[in-house]
């Protein structure tokens, strides 16, 4: 009888768990449907509102939309190279900010203070327009990448510094107890854990960089905003042109935000 009772109890528990899982799935599906419906309703209302103003020429959008979208490739290239440069500067800068050497710490702190204390647009203009006075000529695309990477590297320096400091000291002490040298501890123990900690902030910085990349249009880089300005000037349809540009930037941020969320879940597997 005891064995029969245990079997009945196990069956009841299994059925209860299955019903709970099924209920959770139904709740998630219902949430996603309502969420998607809200977005769809908002987009439809906005489209109708913009269409009734008479300021949006859909024929113009159909004609020039592809041309404006063509600048998205340059925008992505600028952002990828810039974020790569910024990440390398940030790691070096964070190690410098944590260094006990006053010279190294001073240089890193000066870099962060200088960049964070001056506007990004000024930095772009300085690299593109001022450096040629010192016989250093950098093309527009490269100048934009350098300016964005240099600027975001300073902000990400503080993010990496906080991430490194967030790694428990016990991790380092355990590695040192195994006679691991300091540089190996940093490379194999500290930095991988710090990277997982700072991934959300790095993703936010990349999304912000996608929008800030529009500033490189001021030095003639043919990215999304630059193409929108050219298209808008052809038929004096700046509202439609800038609307298309805004939608493209929005779409890029949604795509990379989704990638960021996937990467966060993947990096968090170790914690789970």
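Here, each number is a calculation from the coordinates, and none is a lab measurement. This is a predicted model, so every value here is computed, not measured. Using ideal geometry, Cβ is built from the backbone for each residue, glycine included, and neighbour counts are taken over all protein chains shown.
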Check your understanding: With the Cα gyration tensor of the chain giving a ≥ b ≥ c as the square roots of its eigenvalues, does the rule (a/c under 1.5 for rounded; else a/b larger than b/c for prolate; else oblate) give rounded, prolate or oblate?
Key -> oblate
Practice item. Assign one of three labels to the range 48-95, namely rounded, prolate or oblate, based on the Cα gyration tensor with a ≥ b ≥ c the square roots of its eigenvalues; rounded applies when a/c is under 1.5, prolate when it is not and a/b is larger than b/c, and oblate otherwise. Key: oblate
Exercise for review: Please give the length that would be gained between residue 21 and residue 257 if that part of the chain were fully extended, namely 0.36 nm times their separation in residues minus their C-alpha to C-alpha distance (nm, one decimal).
Suggested key: 82.2 nm
Exercise for review: Can you tell me the relative contact order of the chain? Whole percent, Cα pairs under 8 Å, sequence separation 6 or more.
Suggested key: 25 percent
Review point. How much length is gained on full extension from residue 34 to residue 126, taking 0.36 nm per residue of separation minus their Cα-Cα distance?
Key: 28.2 nm
Review point. Using only helices, what value at 222 nm comes out for the chain when you add -39,500 (n - 2.57) per DSSP H run of length 4 or more and divide by the total residues, to the nearest 500 deg cm²/dmol?
Key: -27000 deg cm²/dmol
Check your understanding: Semi-axes of the equivalent ellipsoid of the range 174-264: what are they in whole Å, largest first, if each equals the square root of 5 times a C-alpha gyration tensor eigenvalue?
Key -> 44, 14, 6
Check your understanding: From the square roots a ≥ b ≥ c of the eigenvalues of the alpha-carbon gyration tensor of the range 17-163, which class results: rounded (a/c under 1.5), prolate (a/b over b/c), or oblate?
Key -> oblate
Check your understanding: Got a sec? How would 107, 244, 45, 115 order by Cβ neighbour count within 10 Å, fewest to most?
Key -> 45, 107, 115, 244
Revision key, fill the gap. With a Förster distance of 25 angstrom and the Cβ-Cβ distance between residue 50 and residue 236, calculated FRET efficiency to the nearest 0.05 equals 0.90
